[in-house]
Amino acid sequence: MIAGDADTVGWWLPTWTLWKREMVRFVRQRSRVIGAFGTPLVFWLIMGYGVGKSLRLPGAAESTHYLEYSFPGAIASILMFTAIFSTISIIDDRKEGFMQGVLAAPVPRTSIALGKVLGATTLAVGQAILFLFFGRAAGIHLHVVTFIASFAVMVIVAFSVTSLGFLIAWQMESTQGFHAVMNLFLMPMLILSGAFFPTSGAAKGMYYLMMLNPMTYGVTLLRAAVYSGGTVPTEGWGTALVVSVAFAAIMFWSLIRTVTRESTQAMH
């Protein structure tokens with residue numbers, strides 16, 4: 001085996017191993033599905049049928065049901081909830097000494113971060129795809145283009161949210177501290193994303209907060225993918241794509257920097 005091949009194997013093997021570990025852990029802890037999948041589903045149905053057609057959506061047809069409008073928001077909720085449940089494992093791995101052992105190994109720090117993030121991203125996207133088929137309850141008819149576009153957007157959003165979650169969890173000492181940050185920081189990100197009410201109808205100060213929220217652009221992108229050719233407006237997807245990809249790249253880069261810095265300090 002030549003040196004280049006050895007380097008490639010040395011980079012991908014830790015990534016594959018950590019990804020596979022997340023899959024095995026999920027199979028053994030399938031109750032996580034209840035929180036990550038069931039909670040957004042129940043919330044979507046209750047809010048959808050509760051609000052019904054009483055919310056007037058700017059630019060949308062009068063017949064547009066709230067179930068239809070909030071469907072991308074429910075997908076975003078699943079992606080975020082799954083990321084949150086998955087990133088908690090970082091804290092457990094640190095407590096048990098597993099992560100210290102991984103960091104002490106002579107493997108690229110990028111592959112460590114990528115393996116953990118890809119594992120959580122795979123779980124999040126997998127559950128979101130299952131939820132996508134509930135779209136028929138909101139009058140959404142899936143076709144091949146819609147499915148492919150939705151899948152691509154889910155990967156981008158899940159990767160960015162998971163990277164952010166791991167970045168926060170990496171610096172937490174306890175799950176209680178992580179939950180506190182989640183309730184104070186991550187949940188407002190979801191609520192102020194346009195997932196459950198349109199940005200155009202918000203108060204001026206709230207509108208600016210929503211525009212500064214990177215999750216807003218992820219939800220816009222999800223809505224554009226799911227409702228292409230539908231009754232809900234999907235403008236602004238180009239800007240949303242640029243912002244979402246940039247946010248994912250920045251979050252992953254920040255995660256790598258944090259992991260590399262900590263491992264360097266540990267060696268000294």
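The values are calculated or read from the model by the stated rules, or taken from the named source; none is laboratory data. Bear in mind that the values here come from a model prediction, so they are computed numbers and not experimental data. FYI the Cβ positions are ideal-geometry reconstructions off the backbone, even for glycines, and counts take in every protein chain you see.
Condition first: of a type outside the set (A, V, I, L, M, F, W, C) and either in contact (Cβ under 8 Å) with a residue 60 or more places away in the chain or surrounded by 24 or more Cβ atoms within 10 Å (Cβ to Cβ) (or both). Now tell me which residues in segment 115-131 satisfy that. Once the filter is applied, which keeps residues that are of a type outside the set (A, V, I, L, M, F, W, C) and either in contact (Cβ under 8 Å) with a residue 60 or more places away in the chain or surrounded by 24 or more Cβ atoms within 10 Å (Cβ to Cβ) (or both), segment 115-131 yields G115, K116, G119, T121, T122, Q127. For segment 61-81, enumerate the residues that are small (G, A, S), crowded, with 18+ Cβ neighbours inside 10 Å and at pLDDT below 80. Residue satisfying the conditions is S70 alone. Within segment 167-177, the set of residues being outside any loop (DSSP other than H, G, I, E, B), more than 15 Å from the chain's Cα centre (by Cα) and touching a residue at least 12 places away in the same chain (Cβ under 8 Å) comprises W170, T175.
Among the residues of segment 109-130, which ones are more than 16 Å from F26 (Cβ to Cβ) and at pLDDT 85 or above? The answer is L114, and nothing else. If the condition is being surrounded by fewer than 24 Cβ atoms within 10 Å (Cβ to Cβ) and closer than 30 Å to T260 by Cβ, then segment 141-154 contributes only A152. All told, V157 meets the bar of being buried (at least 21 other Cβ atoms within 10 Å of the Cβ), β-branched (V, I, T) and on the phi < 0 side of the Ramachandran plot. Scanning segment 132-141 for residues that are over 19 Å from the mean Cα position of the chain (by Cα) and free of Cβ contacts under 8 Å to residues at least 60 places away in the same chain gives R136, H141. Scanning segment 193-206 for residues that are surrounded by 16 or more Cβ atoms within 10 Å (Cβ to Cβ) and either of a type in the set (G, A, S) or over 18 Å from G238 (Cβ atoms) (or both) returns S193, G194, A195, F196, F197, P198, A202.
Residue by residue, here is whether (1) on the phi > 0 side of the Ramachandran plot; (2) acidic (D, E); (3) surrounded by fewer than 19 Cβ atoms within 10 Å (Cβ to Cβ) holds:
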position	(1), (2), (3)
A83	no, no, no
R94	no, no, yes
M99	no, no, no
R109	no, no, no
A113	no, no, no
G135	no, no, no
G139	yes, no, yes
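Taking T162, is it without any contact (Cβ under 8 Å) to a residue 40 or more places away in the chain, buried (at least 20 other Cβ atoms within 10 Å of the Cβ) and part of a helix (DSSP H, G or I)? Taking the combined requirement at face value, the residue does not satisfy it. Is one or more of the residues making up segment 113-128 over 19 Å from the mean Cα position of the chain (by Cα) and farther than 17 Å from R94 by Cα? Within segment 113-128, none of the residues are over 19 Å from the mean Cα position of the chain (by Cα) and farther than 17 Å from R94 by Cα. Checked across segment 119-132, the condition of being β-branched (V, I, T) and over 20 Å from V161 (Cα atoms) holds for no residue. Restricted to segment 233-268, and to residues there that are at pLDDT 90 or above and of a type in the set (V, I, T), the residue that is surrounded by the most Cβ atoms within 10 Å (Cβ to Cβ) is V243.
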